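The values are calculated or read from the model by the stated rules, or taken from the named source; none is laboratory data. Since we're looking at a predicted model, the values are computed, not measured. Don't worry about glycine lacking a Cβ; one is built from the backbone with ideal geometry, like all the others, and counts go over all protein chains shown.
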Amino acid sequence: MAIDGSSAILEPAHHGALPGGTWRWLTTTNHKDIGTLYLCFAAVMFLTGGLMAMTIRAELFQPGLQFVQPELFNQLTTLHGLIMIFGVIMPTFTGFANWQIPLMIGAPDMAFPRMNNWSFWLLPVAAALLIGSMFLPGGAVAGGWTLYPPLSIQGGISYDMTIFALHIMGASSIMGAINIITTILNMRAPGMTPMRMPMFVWTWLITAFLLIAVMPVLAGTITMLLTDRNFGTHFFSAAGGGDPVMFQHLFWFFGHPEVYILILPAFGIVSTVIPTFARKPLFGYRSMVYATASIAILSFIVWGHHMFTVGMPVAAQLFFMYATMLIAVPTGVKVFNWVATMWRGSLTFETAMLFAVAFVCLFTIGGFSGLVLAMVPVDTQLQDTYYVVAHFHYVLVTGALFAIYAGLYYWLPKWTGHRVDENWGRWHFWLSAVSVNVLFFPMHFLGLAGMPRRIPDYALQFADFNRIASIGGFVFGASQILLLIVIVKCVRGGEPAGNCPYEGAVGLEWTLSSPPPYHSFATPPELE
Amino acid sequence: MTCARACAVAVALFALSDRSGAEYRFNLPAPQSSVAHTAYDLHIIVLWVCLAIFALVFGAMFYSLLRHRKSLGHAAHPFHESTTVEVIWTTVPFLILVGLAWPATKAVLAQKDTGNPDLTIKITGHQWKWEYEYLQEGVRFLSVLATPSEQIGDRMEKGEHYLLEVDEPLVVPVGRKVRLLLTAADVIHSWWVPALGVKQDAIPGFIRDTWFRADAPGTYRGQCAELCGRGHAFMPIVVEVKPEAEYRAWLAARKSDQAAKAAESGRAFAPAELLALGEKIFTANCAACHQANGRGIPGLFPALAGSAIVNGPPQAHVGRVLQGKPGTAMPAFAAQLDDAEIAAVVSYERQSWGNHAEPVQPALVKNQRQ
Ligand SMILES: [Cu+2]
């Protein structure tokens, strides 16, 4: 049922002339075009957020203030966080979903192609509002990505712009999620029962439900912030009978599931890549699905662990501590399953696999530091320190981002029709994998020794590890140029990928040409 | 041979770390209270458990990565399910977690027990300084960063306790249970002293409590842990733990100082006196926002140089400082500064950076408070 590669460029006749150039990208309703747009947008945001991170690490290279003043520093940390979460990781995963879900379930396109276009084109508008506020008097938001009031009530117009930007991004995410759910539920090829869906599709299905559940909570919460700021309400101000801590409860009720929104699709990618290069089916498919679902459900009852130092009743602290520890169980199941998938396989180490293996190992370090932080008395010491910074960067950089890299190296041949340059890829991997640890590992020690997060200047005892982390940061930042080179090379040419460049890959996407035809599966494929 | 080389590397690394001056610290600071002790021990336990699991799991993974390679001719064994194994690796971690939860629960219960304190101190977080009030003693003072701005701006060599030094530390007796009541005046702050194992957010409009009992006399340093604006890095905490007798002596001295200051506050001040005191007050309380040069930060904090309020009638100026401006970052200083201090800082603003308005006497401030 494989389709001959030469038909890839042929457009179905009923389209007549498709618009070209800019108009094509503005009006496209094609899942692959939109996937590409998402990925390009994320790349630009990654560069922006990355340059901010470099500036932060430059300022922290040594004690004293050298490059940026504290108010600009706070803007940079805040924007870096917002951009990397809402502008990079989330859009990248949506880009992957757009490209891959129809290919993996045997569908011609997404369920709502026009809404798909709209969900994407909202994002640049939101990004312009968010980043544009840097150039207004008073500068961009500086209250941390968590926007805690009353600090976020003190700020200027940029706070309102950020709230609006988050509203728009939230709307975009919800539309994207609805589209993904509908596509997965209704457009699977005949014979693809739920328990035969690829893991990536499963993880995205669960992620999409999480998005629909929590993005409205975020929207409501920041709307309350907006009215507190502009219309005299006092939801979060004690002076008018409100409570600043209520914001934190609402925010983290969104925020914790959000963390899993940022990692579940990564689990899906890694569960796809490892079996291919182990030349073995995924170990424990069923338990993977159940583990993903349990993690998603548990994510709704652990938000309090972000607030252990706020002061809560003992019973609440214990409840949140136990619930948080419990998450280690399904997460552990996943890690064990990945290792068991590699066990007694026939392993090769293409760049995609290198990143996937690094993910398993380094994400687990982030998981362990999460377990350490779950213990209330330990968390009392470590909350709001660099230990937490280390923890979530292990989970989001060596976790989510490395999984994204694995997915890129894995699927780029499918998308472009060319194999990636493994030599450059290996350099990219090794430089990134070493430098990222030089960057983030010492942050554990900084936090333990007592360095708070979000500070532009620090005591002399923290100088050495900060210098090391900064050097790691610069190398890691520079290494990402290699990725850009790999992508550009792969898009422009290279060894033809054929339908399937991998010996061990399974899945419908590999039955199509690379790149796949315009309407991916014009007739539904049949599963045996 | 390899051992010798490893030793040489270790020595070289050690020498390197030594030469750089500061020591590398890999763990929590030495605990100085029972709460800090339990946190320290708990952390060590969890860390070992994690390391053991890590070694086991990734030992297996790296074994597989090395031996089960296609390049070594290893063929894949396509097994992909085993209920027994899966049940084991779901239940064993669960049991380990129960084992960890037990000591953690005991520690939480101890940590939350703020009953029967020997003394109670109310701590108020301000942008960007701490206010301490000894409730049973009627003693109250502000504690402000003591590091000179020249050090922060790299124009002077940094001192040993750079950014971790204050003008007036908190003083407590050793071995006594100190209960802390925390709140804040403007935004959320967090009072944190690692060696004492205390970190508690200070939330405007609410009071939260926590406690510590210091094991040994000494000076313990910490910082604000919750982002609170541009001065977040610059509001450290210093706690001096003293033997009971020294603590008593300190308290007595503090009380007589306070009484003397209160008596002074009503009298008339010479202009030079006002300006000298005013400059001190401004540096400690206002410069973080309005800047030492009085020019503020455009878009965030207004310039006082050339300001209409500062150069206008004294009542409006004093009023703004006493009451602040609700809804903005400008705090109310009525409760923080006494009449003389307000008069001094207002006079200083009125006569600095090219401003030429007449100075203000404490009597006017006193008048306006009513
Ligand atoms: Cu603070």
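The rows are residues; the columns are (1) at pLDDT 95 or above; (2) assigned to a helix (DSSP H, G or I).
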residue: A:203; (1), (2): yes, yes
residue: A:206; (1), (2): yes, yes
residue: A:211; (1), (2): yes, yes
residue: A:219; (1), (2): yes, yes
residue: A:224; (1), (2): yes, yes
residue: A:228; (1), (2): no, yes
residue: A:234; (1), (2): no, no
residue: A:239; (1), (2): no, yes
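Taking the options A:231, A:283, name whichever one is over 21 Å from residue B:226 (Cα atoms), touching a residue at least 40 places away in the same chain (Cβ under 8 Å) and over 20 Å from the mean Cα position of the chain (by Cα). It would help to see each step written out before you state the result.
Numbers: A:231 fails: touching a residue at least 40 places away in the same chain (Cβ under 8 Å).
Testing whether each residue is over 21 Å from residue B:226 (Cα atoms), touching a residue at least 40 places away in the same chain (Cβ under 8 Å) and over 20 Å from the mean Cα position of the chain (by Cα) leaves just A:283.
For the stretch B:170-183, give me the residue count where each residue is away from the ligand (no atom under 15 Å from the Cβ), within 14 Å of chain A (Cβ to nearest Cβ) and crowded, with 22+ Cβ neighbours inside 10 Å. Qualifying residue count, the stretch B:170-183: 1. Where residues in the stretch A:342-352 are surrounded by fewer than 24 Cβ atoms within 10 Å (Cβ to Cβ) and more than 7 Å from every other protein chain (Cβ to nearest Cβ), which of them is nearest to residue B:94 (Cα to Cα)? The qualifying residue nearest to residue B:94 (Cα to Cα) is A:349.
Among the conditions (1) under 20 Å from residue B:31 (Cα atoms); (2) touching a helix residue (DSSP H, G or I) at 6+ places or on another chain (Cβ under 8 Å); (3) more than 9 Å from the ligand (Cβ to nearest atom), the only one that residue B:223 does not satisfy is (3).
In the stretch B:184-204, the residues that are facing chain A (nearest Cβ under 7 Å) form Cβ pairs under 9 Å with partners that are of a type in the set (Lys, Arg), at six or more places apart or across chains, as follows: B:190/B:199; B:194/B:221; B:200/B:208; B:201/B:208. When the stretch B:200-219 is examined, which residues are found to be more than 13 Å from the ligand (Cβ to nearest atom) and assigned to a loop (DSSP other than H, G, I, E, B)? Of everything in the stretch B:200-219, those that are more than 13 Å from the ligand (Cβ to nearest atom) and assigned to a loop (DSSP other than H, G, I, E, B) turn out to be B:205, B:206, B:207, B:215, B:216, B:217. Against the conditions (1) out of contact with any helix residue (DSSP H, G or I) (no Cβ under 6 Å at 6 or more places or on another chain); (2) facing chain B (nearest Cβ under 9 Å); (3) more than 28 Å from residue B:191 (Cα to Cα), residue A:380 satisfies every one except (3). Among the residues of the stretch A:407-425, some residue qualifies, meaning at least one is out of contact with any helix residue (DSSP H, G or I) (no Cβ under 8 Å at 6 or more places or on another chain) and part of a helix (DSSP H, G or I).
Note on the stretch B:234-245: among residues that are more than 16 Å from the ligand (Cβ to nearest atom) and in contact (Cβ under 8 Å) with a residue 12 or more places away in the chain, the one that is nearest to the chain's Cα centre (by Cα) is B:239.
Tallying residues that are more than 8 Å from chain A (Cβ to nearest Cβ) and more than 21 Å from the chain's Cα centre (by Cα) within the stretch B:26-44 yields 2. Scanning the stretch A:439-456 for residues that are more than 22 Å from residue A:151 (Cβ to Cβ) and at the interface with chain B (Cβ under 7 Å from one of its Cβ atoms) turns up A:445, A:448, A:449, A:450. For the stretch B:120-141, a residue qualifies if it is more than 16 Å from the ligand (Cβ to nearest atom) and either within 13 Å of residue B:210 (Cβ to Cβ) or assigned by TED's automatic domain parsing to the domain that holds residue B:281 (or both), and the qualifying residues are B:120, B:121, B:122.
Annotation: residue B:255 fulfils all but one of (1) more than 16 Å from the ligand (Cβ to nearest atom); (2) at pLDDT 95 or above; the unmet one is (2).
For the stretch B:136-169, which positions are acidic (Asp, Glu) and away from every other protein chain (no Cβ under 11 Å)?
If we filter the stretch B:136-169 for residues that are acidic (Asp, Glu), which is where we start, we get B:137, B:150, B:154, B:157, B:160, B:165, B:167-168.
The answer is B:137, B:167, B:168.
Among the residues that make up the stretch A:179-186, is at least one of them in contact (Cβ under 8 Å) with a residue 40 or more places away in the chain and over 22 Å from the mean Cα position of the chain (by Cα)?
Going through the stretch A:179-186, the residues in contact (Cβ under 8 Å) with a residue 40 or more places away in the chain turn out to be A:179-180, A:182-184, A:186.
Filter once more, so that each one left must be over 22 Å from the mean Cα position of the chain (by Cα): A:186.
Checking the stretch A:179-186: at least one residue is in contact (Cβ under 8 Å) with a residue 40 or more places away in the chain and over 22 Å from the mean Cα position of the chain (by Cα).
Of the helices (runs of 4 or more DSSP H) that lie entirely inside the stretch B:233-325, not one contains 3 or more residues that are touching a Cys at 6+ places or on another chain (Cβ under 8 Å) and basic (Lys, Arg).
Check whether at least one residue in the stretch A:518-527 is within 14 Å of chain B (Cβ to nearest Cβ) and either out of contact with any strand residue (DSSP E or B) (no Cβ under 6 Å at 6 or more places or on another chain) or charged (D, E, K, R) (or both), and report yes or no.
Within the stretch A:518-527, the first condition is being within 14 Å of chain B (Cβ to nearest Cβ), and the residues that meet it are none.
No, the stretch A:518-527 has no match at all.
Would you check which residues across the stretch A:396-447 are buried (at least 22 other Cβ atoms within 10 Å of the Cβ) and of a type in the set (D, E, K, R) and list them? A:414, the sole residue that qualifies.
Hey, among the residues in the stretch A:458-477 that are away from every other protein chain (no Cβ under 14 Å) and touching a residue at least 40 places away in the same chain (Cβ under 8 Å), which one's farthest from residue B:27 (Cα to Cα)? So, considering only residues that are away from every other protein chain (no Cβ under 14 Å) and touching a residue at least 40 places away in the same chain (Cβ under 8 Å), the one farthest from residue B:27 (Cα to Cα) is A:477. Annotation: residue B:264 fulfils all but one of (1) within 11 Å of another protein chain (Cβ to nearest Cβ); (2) out of contact with any strand residue (DSSP E or B) (no Cβ under 6 Å at 6 or more places or on another chain); the unmet one is (1).
The criterion of at least 2 residues that are over 14 Å from the mean Cα position of the chain (by Cα) is met, among strands (runs of 3 or more DSSP E) falling completely within the stretch B:96-199, by B:119-126, B:129-134, B:139-143, B:170-173, B:177-184.
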